[in-house]
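Input: a single structure, listed below in structure tokens.
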Amino acid sequence: MLGPHLVLDLYGCPKEKLEDVQYIYDLLDELPDMIGMQKIMPPYVMRYVPEDDPLDWGISGVVLIAESHIAIHTWPDLNYASVDIFSCKTFNIDKAKEILEKKLSPERSDWEILVRGRDFPVNLLKRGKNGSV
């Protein structure tokens, strides 16, 4: 397999955390180091307010890591956040969940792990530039 993809739904989070662009930025900036990932760019975080549905506004952010990415999307008026961590290497899923739950303070969380790249040709990653193993 290529790697795990943590999908985390956080319900009942405090609105003040979910609407704070700097708070989400800082979380995305610190999280890779905390779970043993290598950040390859600063986080990109923005506030989004759709014209057609004022309740659908929120903060979205992503940080690219050498292993793949971490993304957070928030709906402050609904006290909900979704988080995705996809990595081409294993990571401590329990630690990642614990950190995110501590930082975003949900009343309840649901999660699942998707197995990405079940048939990914891992042996190709081990080959040298000339194709030798």
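What are the residues in region 94-115 that are in a strand (DSSP E or B) and either surrounded by fewer than 16 Cβ atoms within 10 Å (Cβ to Cβ) or not small (Gly, Ala, Ser) (or both), if any?
Answer for region 94-115, where residues must be in a strand (DSSP E or B) and either surrounded by fewer than 16 Cβ atoms within 10 Å (Cβ to Cβ) or not small (Gly, Ala, Ser) (or both): Arg108, Asp110, Trp111, Glu112, Ile113, Leu114, Val115.
Considering only region 71-88, state which residues are among the β-branched types (Val, Ile, Thr) and within 21 Å of Asp56 (Cα to Cα). Walk me through it before giving the result.
Here is the first cut: in region 71-88, the ones among the β-branched types (Val, Ile, Thr) are 72, 74, 83, 85.
Hits for region 71-88 are Ile72, Thr74, Val83.
Could you list, in sequence order, all residues of region 51-100 that are polar (S, T, N, Q), modelled with pLDDT under 95 and under 11 Å from the mean Cα position of the chain (by Cα)? First the steps, then the outcome.
Of the residues in region 51-100, the ones polar (S, T, N, Q) are 60, 68, 74, 79, 82, 87, 90, 92.
Adding the requirement that they be modelled with pLDDT under 95 leaves 68, 87, 90, 92.
Within region 51-100, Ser68, Ser87 qualify.
Pick out the one residue from Ser109, Ser105, Ser87, Ser60 that is touching a Cys at 6+ places or on another chain (Cβ under 8 Å) and of a type in the set (S, T, N, Q). Give the derivation first.
Numbers: Ser109 fails: touching a Cys at 6+ places or on another chain (Cβ under 8 Å); Ser87 fails: touching a Cys at 6+ places or on another chain (Cβ under 8 Å); Ser60 fails: touching a Cys at 6+ places or on another chain (Cβ under 8 Å).
Result: Ser105 is the single residue among Ser109, Ser105, Ser87, Ser60 that is touching a Cys at 6+ places or on another chain (Cβ under 8 Å) and of a type in the set (S, T, N, Q).
Six or more apart or on different chains, Cβ under 6 Å: which pairs go from a residue in region 1-14 that's modelled with pLDDT under 95 to one that's among the hydroxyl-bearing types (Ser, Thr, Tyr)? Could you list them?
Listed by first residue and then by second, the contacts come to Gly3/Ser87.
Considering every residue within region 81-95, establish whether at least one is more than 21 Å from Met34 (Cα to Cα) and in contact (Cβ under 8 Å) with a residue 24 or more places away in the chain. Steps first, answer last, please.
Looking only at region 81-95, we keep the residues that are more than 21 Å from Met34 (Cα to Cα), and these are none.
Within region 81-95, not a single residue is more than 21 Å from Met34 (Cα to Cα) and in contact (Cβ under 8 Å) with a residue 24 or more places away in the chain.
The values are calculated or read from the model by the stated rules, or taken from the named source; none is laboratory data. No experiment lies behind these values; they were computed from the predicted model shown. With ideal geometry, Cβ positions are generated from the backbone for all residues, glycine too; neighbour counts draw on all protein chains shown.
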